[in-house]
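Here is the structure we will look at, set down as structure tokens.
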Amino acid sequence: MPTLNKIRTAITGTQRSTTPDPALRRLRTALTIFFALDGFIFAGWVVRIPAIKEQTGASAGDLGLALLGVSAGAVATMMVTGRLCHRFGTHPVTVAAGVLLSLSIALPPLTHSALALGLVLLVFGAAYGGINVAMNAAAVDLVTALRRPVMPSFHAAFSLGGMLGAGLGGLVAGALSPTRHLLVLTVVGLVLTAAAGRVLLSH
């Protein structure tokens, strides 16, 4: 009888560990949305780079220097996002970065010089770097809670979002101006951030 009890306890414990909490499932879905949104917005911006180059009248060299703003902003933010996550939590930082990313994607079409483009791309890069650090940190915490290797699914969502962003961007490039296209991305980003962010902030 003691042996049977141990076996029953082991089986029950295994079932509990393999059946995720509904709250954790919702959290996983919300994080998946953020990963997909990150790829979607970034790919949408890349599609419009040629049009932005023509709008600003930048040379190839000037455009290259302006694009460094994305990397510079991302690197600078990545160095401090860890501290922000430690102080405020990974979920609030993810949501805040998602809002900033969605808003900043609308800025490049408003510029008319390579210098102005580089400055707004600093903001975009900062949001991009911040959300990548914060949501990956949140994903690591979720992997620990689920005790399952689900991290690849998040990275797959990022790639899928990138494919959708590039594909849809290519389809609408001839019909929508960069301003309208990237403004649509802002609206989509804010809506998804609000929906998924509610789940993150409730945990």
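The values are calculated or read from the model by the stated rules, or taken from the named source; none is laboratory data. Just so it is clear, the structure is predicted and the values come from calculations on it, not from any experiment. Neighbour counts run over all protein chains shown; Cβ positions are idealised from the backbone, glycine included. We work out accessible area using only protein heavy atoms, side chains counted, and drop any ligands, DNA or RNA first. Shrake-Rupley method; radii C 1.70, N 1.55, O 1.52, S 1.80 Å.
Among the candidates Leu121, Leu103, the residue that is aliphatic (A, V, I, L, M), part of a helix (DSSP H, G or I) and over 15 Å from the mean Cα position of the chain (by Cα) is uniquely Leu121. Looking at region 77-95, which of its residues are open to solvent by 60 Å² or more (accessible area, probe 1.4 Å) and either among the aliphatic types (A, V, I, L, M) or not in a helix (DSSP H, G or I) (or both)? Correct list: Met78, Met79, Val80, Leu84.
Counting only residues that are open to solvent by less than 30 Å² (accessible area, probe 1.4 Å) and either on the phi > 0 side of the Ramachandran plot or in a helix (DSSP H, G or I) (or both), how many does region 52-76 have? The total comes to 8.
If only residues of region 145-203 that are farther than 29 Å from His112 by Cβ and outside any helix (DSSP H, G or I) are counted, the one that is least open to solvent (accessible area, probe 1.4 Å) is Val150. Within region 143-161, the set of residues being modelled with pLDDT under 95 and touching a Leu at 6+ places or on another chain (Cβ under 8 Å) comprises Ala145, Leu146, Val150. Taking region 94-121 only, how many residues are farther than 14 Å from Leu67 by Cα and at pLDDT 95 or above? Counting residues in region 94-121 that are farther than 14 Å from Leu67 by Cα and at pLDDT 95 or above gives 12.
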